[in-house]
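Notes for the one structure printed next.
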2 protein chains.
Amino acid sequence: MALIVQKYGGTSVGSTERISHVADKVIAARREGHDLVVVVSAMSGETNRLVALAKSLADPPNPREFDVILATGEQVTIGLLCIALEQKGCPARSYTGAQVRILTDNAYNKARILEIDDQAIRHDLAQGRVVVVAGFQGVDAEGNITTLGRGGSDTTAVALATALKADECQIYTDVDGVYTTDPRIVPRARRLDRLSFEEMLEMASLGSKVLQIRSVEFASKYNVPIRVLSSFEDGPGTLIVPEDSIMEQALISGIAFNKDEAKITVLGVPDRPGIAHQILGVVSSSNIEVDMIIQNIAHDGSSTDFTFTVHRNDFKRAMALVQEKAQELEARQVVGDDRIVKISLVGVGMRSHAGIATQMFQALASEGINIQMISTSEIKISVVVDEKYLELGVRVLHDAFRLEEAA
Amino acid sequence: MALIVQKYGGTSVGSTERISHVADKVIAARREGHDLVVVVSAMSGETNRLVALAKSLADPPNPREFDVILATGEQVTIGLLCIALEQKGCPARSYTGAQVRILTDNAYNKARILEIDDQAIRHDLAQGRVVVVAGFQGVDAEGNITTLGRGGSDTTAVALATALKADECQIYTDVDGVYTTDPRIVPRARRLDRLSFEEMLEMASLGSKVLQIRSVEFASKYNVPIRVLSSFEDGPGTLIVPEDSIMEQALISGIAFNKDEAKITVLGVPDRPGIAHQILGVVSSSNIEVDMIIQNIAHDGSSTDFTFTVHRNDFKRAMALVQEKAQELEARQVVGDDRIVKISLVGVGMRSHAGIATQMFQALASEGINIQMISTSEIKISVVVDEKYLELGVRVLHDAFRLEEAA
């Protein structure tokens, strides 16, 4: 018998039929003898409806009151799921964030969890009840309702699993696990049985949006195993665990990619301290997020080239800002390209294997794919290539590293 | 400067445009120097939507969880109104029932308010904020969300006005006050400036559904003046106050009527103790509400006739139950009629004026309207007549007692 925290997202609870189906899954897990805490999101579409209502009155709306409104989405779902469970004969009790007492700071719309009171939940579990908790929400020290921002329900689930020392945190989504790459591009992509937290972080931030980064960070910090599963199909899903609990480590776990990137290069920048800061400063102070940043050594001893990537939607705005700044800095020229993609190899195994990069570049070269930029981290190698090579590049790498075969 | 509690019903907050209009009204009252606590209902249609969601899973739904869901309707409105107020430059803060701490018993779906903590609200008022409270909801001693049942937002408003010792409790609806009778039947019906609690209770229970009975009872008990106003038109509305604060008392304040009644008579019932109980017992234990009950003295010393009225929707069911019971009791016959209406004269002045009944019966007789049943209370005389006489009866009485003229 284990204590399991399950989390069902908006699509999984998108109608009362689906909520009834979730109730069946919860009851099945309970029949196996497990204690269950279930975290749910708002029904799909509901949060957008509430956002639209609030924004029709003020944009941005008052942050405190915005959270009061948003929190109702999950509150409806917890009630509905408990009604379904009780109707099927399973004792259940719902909790809002405030009722559990999920204590957060008071940063409305993007609050952080400080502490969880597990007393009421433990009492209910001991009474044989399934406990259903509203995701995405909490309460500050003064009793104001707060929300955790995007992906907040995942965070609630992982934080609850941590507080309750749960054996596993199961995240139910509309995919049946984490794959070696997007199966729409590589039909032979393989579902991974296990993945380390570090790899999941790189996969998530690179576009495999199965899990929210914050919840993976949280789970990693407290060593809570996460399992990603489909709410629509049965199957073991993908278990995400600390690196040291994976016995046989594959070199490469997967290939992530990001097709929403654009690059901007400032050519002939005077090579003096503070230049990078001045160029990126104008960009980030306009709330444009920067992804890769590359600067090579000064090529003639006095000037250098500076390149970074931004989201494609921010490309034009960033270009204008940088062009203005470049004039001021007396840089030679600014060039940009929004027809690029980033492809990344991810795997903790590459840490101890220098040959991976060579093998990657060779595979791309064999198909005549020109690499425009390279960036690496401990467990990741990313390259930027022309967008027309996205599918080809991913497929070539998937083949080269034999990712369709289990490690 | 006064402390005013305002309550806006579902129609008044039925869209964000209307919520914005309510914000304007609140700000106007505040400019006059008043401290304001505003109670709001769910946006019209919203409660029905939530009820349908819950009932699609179980009917009846688990009562605790049903309240968790229903309470979100008002929670959305408080957030929206505060967003509108803040956007217009008026400091405001919203409170759910749990946040105020409107303590109730734990009778889910029909909880009663036990106690209101006024500390947080007083603190906000002192800070110059408008306080917006979710109607219809509270929290029990264990922190479970409860709702107060139909018309609960009126009750919340009156209870808050009592707890805060407010100068006035203003109930905004879609009518501009309480009328001498329904203006759709008597176009010259007059808006009453003042009305006593007792009269309002009789008017409300007899079908003038402006205010919920419970909130009038509450206001009466604690002597909180209530003002009924339109949220769409300006005007003084109708002030409902203790009887002793009305200087010049009219004999008759208004004419109420109920066209949804049906009557059932058991003829030749053996005249022995417990008979009334046995007949009404089968009806009320089937959750059928009984309105008028009339039994005259035994006409031949051994048997009597027993008549009562029920809602027209319950007529057939009640007839079947009573027919079965009548056989068992060896009553002679059961007859029923669902084409009747009840017309009532209401006024505290009639208490000291015996001639009212005579005048009423005479007025009806002058138009050939036959009276089938009569029932009286301290401040009310009700008659049952054939439904075809409803409009004529009301008009004749309105004229006879000169209700179009101010007292």
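The values are calculated or read from the model by the stated rules, or taken from the named source; none is laboratory data. Keep in mind that this is a model prediction, so the values were computed, not measured. For neighbour counting, all protein chains shown are included, and Cβ atoms are generated from backbone atoms with ideal geometry for every residue, glycine included.
Looking across region A:324-355 at every residue that is among the basic types (Lys, Arg) and out of contact with any helix residue (DSSP H, G or I) (no Cβ under 7 Å at 6 or more places or on another chain), the one that is nearest to A:Leu397 (Cα to Cα) is identified as A:Lys342. On inspection, A:Leu239 does not qualify as surrounded by fewer than 19 Cβ atoms within 10 Å (Cβ to Cβ) and of a type in the set (A, V, I, L, M, F, W, C). The numbered conditions (1) in contact with a Pro (Cβ under 8 Å, 6 or more places away or on another chain); (2) over 22 Å from B:Ala52 (Cβ atoms) are all true for A:Ile83 except (2). Residues of region B:59-71 include at least one that is surrounded by fewer than 23 Cβ atoms within 10 Å (Cβ to Cβ), at the interface with chain A (Cβ under 9 Å from one of its Cβ atoms), in a helix (DSSP H, G or I) and not small (Gly, Ala, Ser). Could you list, in sequence order, the residues of region A:380-407 that are exposed (fewer than 15 other Cβ atoms within 10 Å of the Cβ) and in a loop (DSSP other than H, G, I, E, B)? Answer for region A:380-407, where residues must be exposed (fewer than 15 other Cβ atoms within 10 Å of the Cβ) and in a loop (DSSP other than H, G, I, E, B): A:Arg402, A:Glu404, A:Glu405, A:Ala406. Of all residues in region A:19-37, those satisfying the criterion of being without any contact (Cβ under 8 Å) to a residue 40 or more places away in the chain and part of a helix (DSSP H, G or I) are A:Ala28, A:Ala29, A:Arg31. Being out of contact with any Phe, Trp or Tyr (no Cβ under 8 Å at 6 or more places or on another chain), within 26 Å of B:Ile356 (Cα to Cα) and hydrophobic (A, V, I, L, M, F, W, C) is the requirement here; does B:Leu239 meet it? Judged against the criteria, B:Leu239 is a match.
Residues in region A:38-53 that are part of a helix (DSSP H, G or I) and buried (at least 24 other Cβ atoms within 10 Å of the Cβ): none. On the basis of being of a type outside the set (Val, Ile, Thr), farther than 20 Å from A:Thr156 by Cα and modelled with pLDDT of 95 or more, does A:Leu50 make the cut? Spelling it out, A:Leu50 is indeed of a type outside the set (Val, Ile, Thr), farther than 20 Å from A:Thr156 by Cα and modelled with pLDDT of 95 or more. Applying a threshold of 6 Å to beta carbon distances and a minimum spacing of six or more residues, or different chains, the list of pairs starting in region A:152-168 at a residue that is under 21 Å from A:Tyr108 (Cβ atoms) and ending at one that is in a loop (DSSP other than H, G, I, E, B) and of a type outside the set (A, V, I, L, M) reads A:Gly152/A:Phe136; A:Ser153/A:Ser41; A:Ser153/A:Gly135; A:Ser153/A:Phe136; A:Asp154/A:Gln212; A:Thr156/A:Gly135.
Quick check: anything in region B:321-339 on the phi < 0 side of the Ramachandran plot, of a type in the set (Asp, Glu) and in a helix (DSSP H, G or I)? Yes, that holds for at least one residue.
For region A:104-119, the set of residues classified as over 23 Å from A:Arg49 (Cα atoms) and away from every other protein chain (no Cβ under 12 Å) consists of A:Thr104, A:Asp105, A:Asn106, A:Arg112, A:Ile113, A:Leu114, A:Glu115, A:Ile116, A:Asp118, listed by residue number. Quick one: which of B:Leu229, B:Leu201, B:Leu195 is without any contact (Cβ under 8 Å) to a residue 60 or more places away in the chain and part of a helix (DSSP H, G or I)? Exactly one of B:Leu229, B:Leu201, B:Leu195 is without any contact (Cβ under 8 Å) to a residue 60 or more places away in the chain and part of a helix (DSSP H, G or I), namely B:Leu201.
With the structure loaded, tell me whether A:Val26 is surrounded by 18 or more Cβ atoms within 10 Å (Cβ to Cβ), under 13 Å from A:Leu85 (Cα atoms), at pLDDT 95 or above and not hydroxyl-bearing (Ser, Thr, Tyr) or whether it fails that test. Answer is yes for this residue. Considering region B:16-57, and only residues there that are closer than 23 Å to B:Ile116 by Cβ and not β-branched (Val, Ile, Thr), the residue that is farthest from the other protein chains (Cβ to nearest Cβ) turns out to be B:His34.
Checked against the criteria, B:Val76 counts as at pLDDT 95 or above, under 20 Å from B:Ser15 (Cβ atoms) and either facing another protein chain (nearest Cβ under 9 Å) or in contact with a strand residue (DSSP E or B) (Cβ under 9 Å, 6 or more places away or on another chain) (or both).
Okay, residues lined up against (1) among the small types (Gly, Ala, Ser); (2) within 30 Å of B:Ile19 (Cβ to Cβ):
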| site | (1), (2) |
| --- | --- |
| A:Leu3 | no, no |
| A:Thr11 | no, no |
| A:Asp24 | no, no |
| A:Ser56 | yes, yes |
| A:Cys90 | no, no |
| A:Asn106 | no, yes |
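Inspection of region B:340-356 finds a residue satisfying the criterion of being assigned to a helix (DSSP H, G or I) and among the hydroxyl-bearing types (Ser, Thr, Tyr). Scanning region A:79-98 for residues that are surrounded by fewer than 22 Cβ atoms within 10 Å (Cβ to Cβ) and either more than 7 Å from chain B (Cβ to nearest Cβ) or β-branched (Val, Ile, Thr) (or both) turns up A:Lys88, A:Gly89, A:Cys90, A:Pro91. Of the numbered criteria (1) touching a strand residue (DSSP E or B) at 6+ places or on another chain (Cβ under 6 Å); (2) more than 24 Å from A:Pro63 (Cα to Cα); (3) within 8 Å of chain A (Cβ to nearest Cβ), the one B:Val5 fails is (3).
Confirm whether A:Glu74 is touching a residue at least 40 places away in the same chain (Cβ under 8 Å) and either crowded, with 22+ Cβ neighbours inside 10 Å or closer than 18 Å to A:Ser231 by Cβ (or both). It is true that A:Glu74 is touching a residue at least 40 places away in the same chain (Cβ under 8 Å) and either crowded, with 22+ Cβ neighbours inside 10 Å or closer than 18 Å to A:Ser231 by Cβ (or both). A single member of B:Arg150, B:Arg101, B:Arg122, B:Arg129 is modelled with pLDDT under 95 and either surrounded by 15 or more Cβ atoms within 10 Å (Cβ to Cβ) or away from chain A (no Cβ under 14 Å) (or both), and it is B:Arg150.
Can you find a residue that is charged (D, E, K, R), touching a helix residue (DSSP H, G or I) at 6+ places or on another chain (Cβ under 8 Å), farther than 23 Å from A:Phe257 by Cα and without any contact (Cβ under 8 Å) to a residue 60 or more places away in the chain anywhere in region A:295-316?
no
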